[in-house]
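Peer 1: Dropping a structure here in structure tokens format, bear with me for questions.
The values are calculated or read from the model by the stated rules, or taken from the named source; none is laboratory data. Only a predicted model underlies this, so the values are computations on that prediction, with no experimental measurement involved. Cβ placement follows ideal geometry from the backbone for every residue including glycine, while neighbour counts extend to all protein chains displayed. Surface accessibility is based on the protein's heavy atoms, side chains included, excluding ligands, DNA and RNA. Shrake-Rupley method; radii C 1.70, N 1.55, O 1.52, S 1.80 Å.
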Amino acid sequence: MKILLIEDEVKTAQSLKNGLEENHFEVDLAYDGQTALQLALKNTYQVIISDIIIPHINGLEFCSKIREKGIQTPLLMLTALGTTEDKVTGFGSGADDYLVKPFAFEELMARVRALMKRSTGITNTGNSLRFADLELNLDTKTAFRSGKEIMLTAREFALMEYFMRNKGKVVSKTDIAEKVWDITFDTGTNVIEVYISYLRNKIDKNFPDKLIHTIHGLGYVLKEK
């Protein structure tokens, strides 16, 4: 299970990170809201834990921005601002829970587990896949890049889903044929190149950052630059 932790106080951040990792969570740590936003748009997390008073983009703004992007990952606010008005503001920005400092680590873990249990139907069933500014909704079979809907055929969608499930990994034509087409790869056909071309025209052509890259002699990889 992967958690994004956003906390600008270094000792507190490291202490929380160590505690979460001891409880078998994988933790990405961000010390400011801008870095956190980049991570949230690039990766998939089961829970996000964020302080409110953080540099560049505060926790409330961060929460609002990811909700605007359609990211519904459960978010727990950590803050010293504990009035009812503060909590209402936090929930209004899209937060799911609110924990006031100082707190016992055991309470934090209880809140995290409750959020994960509450969101099981969304997060753990993998209803959507995200990479950079690209999102696939696995229920509606729709694709979006930078918020713009991209129309994909069933085969194009299956190929894009395979790339996203293997992001950063070089996949060969044989891998694609077996996993997406469920056939043995025929070296005499260019069907895979044709579909890669289709995807590039739809996914990459009208965007400055290209995501689908050719690794000559090896295959293809989904990565940023």
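Peer 1: Which ranges mark the helices (runs of 4 or more DSSP H) fully within the range 126-225 that have 2 or more residues being open to solvent by less than 30 Å² (accessible area, probe 1.4 Å), at pLDDT 90 or above and out of contact with any Phe, Trp or Tyr (no Cβ under 6 Å at 6 or more places or on another chain)?
Peer 2: Fully inside the range 126-225 and qualifying: 154-165, 191-199.
Peer 1: Please work out which one of (1) open to solvent by less than 20 Å² (accessible area, probe 1.4 Å); (2) in contact with a Lys or Arg (Cβ under 7 Å, 6 or more places away or on another chain) is the condition GLU26 fails and give its number.
Peer 2: Single failed check for GLU26: (1).
Peer 1: Given the conditions (1) touching a strand residue (DSSP E or B) at 6+ places or on another chain (Cβ under 7 Å); (2) surrounded by 17 or more Cβ atoms within 10 Å (Cβ to Cβ), and given that LEU37 satisfies all but one, which numbered condition is not satisfied?
Peer 2: With (1) touching a strand residue (DSSP E or B) at 6+ places or on another chain (Cβ under 7 Å); (2) surrounded by 17 or more Cβ atoms within 10 Å (Cβ to Cβ) applied to LEU37, the lone miss is (1).
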